[in-house]
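J.: Right, I'll just put the structure down here and ask away after.
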Amino acid sequence: MIIKTTLFRGFILSVLFLLIGCNERTSNLTDKKELLIYCGITMEKPVRELAGRFEKLENCTVKIMIGGSGTLYRIMTVNQAGDLYLPGSEAYINKGLGDNVITKTEHVGYNRAALIVAKGNPLNISPNINNLVSKKFRTVLGSPDSGSIGKETKHILTNAGFYEKALDSSLYLTSDSKGLRQAITEDVADLTLNWYAPAIWTENIDKMEALQLDKSVAIPHRLILSLLRYSREPELAKRLFVFMSSETGRKTFNYYGFGGE
């Protein structure tokens, strides 16, 4: 029993280490101040780039916990630690404001859903959400309980009148946008509904493409960066917040596909 408990604790520690991106720094061995950003999976690239620049400017360490927006919210509020939170959906920001978890917010870009298919669209799928209930295509959808894309999927397909039918037609539900990307790249699915931005990233652009939906179907949503009341380095956290929401920050988000309405 002691051995099993020790192994289990070791496993938990390993998982936590993998979840937290430290930009390849071992800051616990130095006197550098540390900040922690909770970041939805889809926004990882611009956040990592901006965090790296800020580390050089301030000679500090910025850790990044990547995960589904809902999962991160639960971790953040249970642990009551961290400095910034960037979810994929504004609904989590509104919840944080209501729960008195968030002290300040700033708009940094836009997130929009799109149908995602394999590169070249070999099945000639049209940009129509009705294809998500077609028996001709293998589909995978996001879960509304763990990630922002799942919440957006439920919203879009409920408005269309066939959310439950789409669930029944799908092969399975995955927890986040990363799982949706894998469904396409591993040829498990022909079609998913995912965030647009990752489809244009260097590592994905040769494997998938986005079929953009009409804005009346998939409304572009504001990406809102937030400052948390839990911060143990409030002044440094404020400077990071200002840096990420500055013109430099917005240009970086735009570069990675989060710009424009």
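J.: So Pro144 clears everything in (1) free of Cβ contacts under 8 Å to residues at least 24 places away in the same chain; (2) touching a strand residue (DSSP E or B) at 6+ places or on another chain (Cβ under 8 Å) except one condition, right? Which one?
T.: The failed condition is (2).
J.: If we only count helices (runs of 4 or more DSSP H) wholly inside region 63-169, which ones have 3 or more residues that are within 24 Å of Val188 (Cβ to Cβ)? Break it down stepwise before answering.
T.: On the way: elements: 69-79, 90-98, 148-160, 163-169.
Counting at least 3 such residues, we get 69-79, 148-160, 163-169.
J.: Does Ile149 fit the bill of being surrounded by fewer than 23 Cβ atoms within 10 Å (Cβ to Cβ), under 17 Å from the mean Cα position of the chain (by Cα) and hydrophobic (A, V, I, L, M, F, W, C)? Break it down into steps so the answer makes sense when it comes.
T.: Values: surrounded by fewer than 23 Cβ atoms within 10 Å (Cβ to Cβ): no; under 17 Å from the mean Cα position of the chain (by Cα): yes; hydrophobic (A, V, I, L, M, F, W, C): yes.
Judged against the criteria, Ile149 is not a match.
J.: Going through Ile219, Ile224 one at a time, which residue ends up being within 17 Å of Arg112 (Cα to Cα), surrounded by fewer than 21 Cβ atoms within 10 Å (Cβ to Cβ) and not charged (D, E, K, R)? Write out each step before concluding.
T.: On the way: Ile224 fails: surrounded by fewer than 21 Cβ atoms within 10 Å (Cβ to Cβ).
Unique residue meeting the criteria: Ile219.
J.: Might you let me know whether region 83-94 holds any residue that is touching a Lys or Arg at 6+ places or on another chain (Cβ under 9 Å), among the charged types (D, E, K, R), under 23 Å from Ala218 (Cβ atoms) and surrounded by fewer than 21 Cβ atoms within 10 Å (Cβ to Cβ)?
T.: Within region 83-94, one or more residues are touching a Lys or Arg at 6+ places or on another chain (Cβ under 9 Å), among the charged types (D, E, K, R), under 23 Å from Ala218 (Cβ atoms) and surrounded by fewer than 21 Cβ atoms within 10 Å (Cβ to Cβ).
J.: Now for a separate question. What number goes with the only condition from (1) out of contact with any strand residue (DSSP E or B) (no Cβ under 9 Å at 6 or more places or on another chain); (2) not assigned by TED's automatic domain parsing to the domain that holds Thr71 that Arg138 does not pass?
T.: Condition not satisfied by Arg138: (1).
J.: So, Ser177, is that one touching a strand residue (DSSP E or B) at 6+ places or on another chain (Cβ under 6 Å) and not assigned by TED's automatic domain parsing to the domain that holds Gly96 or not? Talk me through it step by step, then tell me what you get.
T.: Numbers: touching a strand residue (DSSP E or B) at 6+ places or on another chain (Cβ under 6 Å): yes; not assigned by TED's automatic domain parsing to the domain that holds Gly96: yes.
In short, yes.
J.: Moving on to the next point. Can you say whether Ile205 is surrounded by fewer than 19 Cβ atoms within 10 Å (Cβ to Cβ), closer than 22 Å to Val47 by Cα and aliphatic (A, V, I, L, M), as far as the supplied structure shows? Talk me through it step by step, then tell me what you get.
T.: Numbers: surrounded by fewer than 19 Cβ atoms within 10 Å (Cβ to Cβ): yes; closer than 22 Å to Val47 by Cα: yes; aliphatic (A, V, I, L, M): yes.
Judged against the criteria, Ile205 is a match.
J.: Examine region 22-45 for a residue that is part of a helix (DSSP H, G or I), within 16 Å of the chain's Cα centre (by Cα) and more than 18 Å from Ser146 (Cα to Cα), and state whether such a residue exists. Outline the logic, then answer.
T.: Pass one, region 22-45, residues part of a helix (DSSP H, G or I): 27-29, 41-45.
Adding the requirement that they be within 16 Å of the chain's Cα centre (by Cα) leaves 41-45.
Going one step further and asking which of them are more than 18 Å from Ser146 (Cα to Cα), we end up with 45.
For region 22-45, residues part of a helix (DSSP H, G or I), within 16 Å of the chain's Cα centre (by Cα) and more than 18 Å from Ser146 (Cα to Cα): present.
J.: So, of the residues in region 215-249 that are among the aromatic types (Phe, Trp, Tyr) and out of contact with any Phe, Trp or Tyr (no Cβ under 7 Å at 6 or more places or on another chain), which turns out to be farthest from Asp83 (Cα to Cα)?
T.: Here is the first cut: in region 215-249, the ones among the aromatic types (Phe, Trp, Tyr) are 230, 241, 243.
Next cut, out of contact with any Phe, Trp or Tyr (no Cβ under 7 Å at 6 or more places or on another chain) only: 230, 241.
Values: Tyr230: 6, Phe241: 9 Å.
Filtering first and then ranking leaves Phe241.
J.: Further question: Kindly indicate which of Leu193, Leu240 is modelled with pLDDT of 95 or more, in a helix (DSSP H, G or I) and closer than 21 Å to Glu44 by Cβ.
T.: Numbers: Leu193 fails: in a helix (DSSP H, G or I).
Unique residue meeting the criteria: Leu240.
The values are calculated or read from the model by the stated rules, or taken from the named source; none is laboratory data. Quick caveat: nothing in here was measured; it's all calculated off a predicted structure. Note that we place each Cβ from the backbone using ideal geometry, even for glycine, and neighbour counts take in every protein chain shown.
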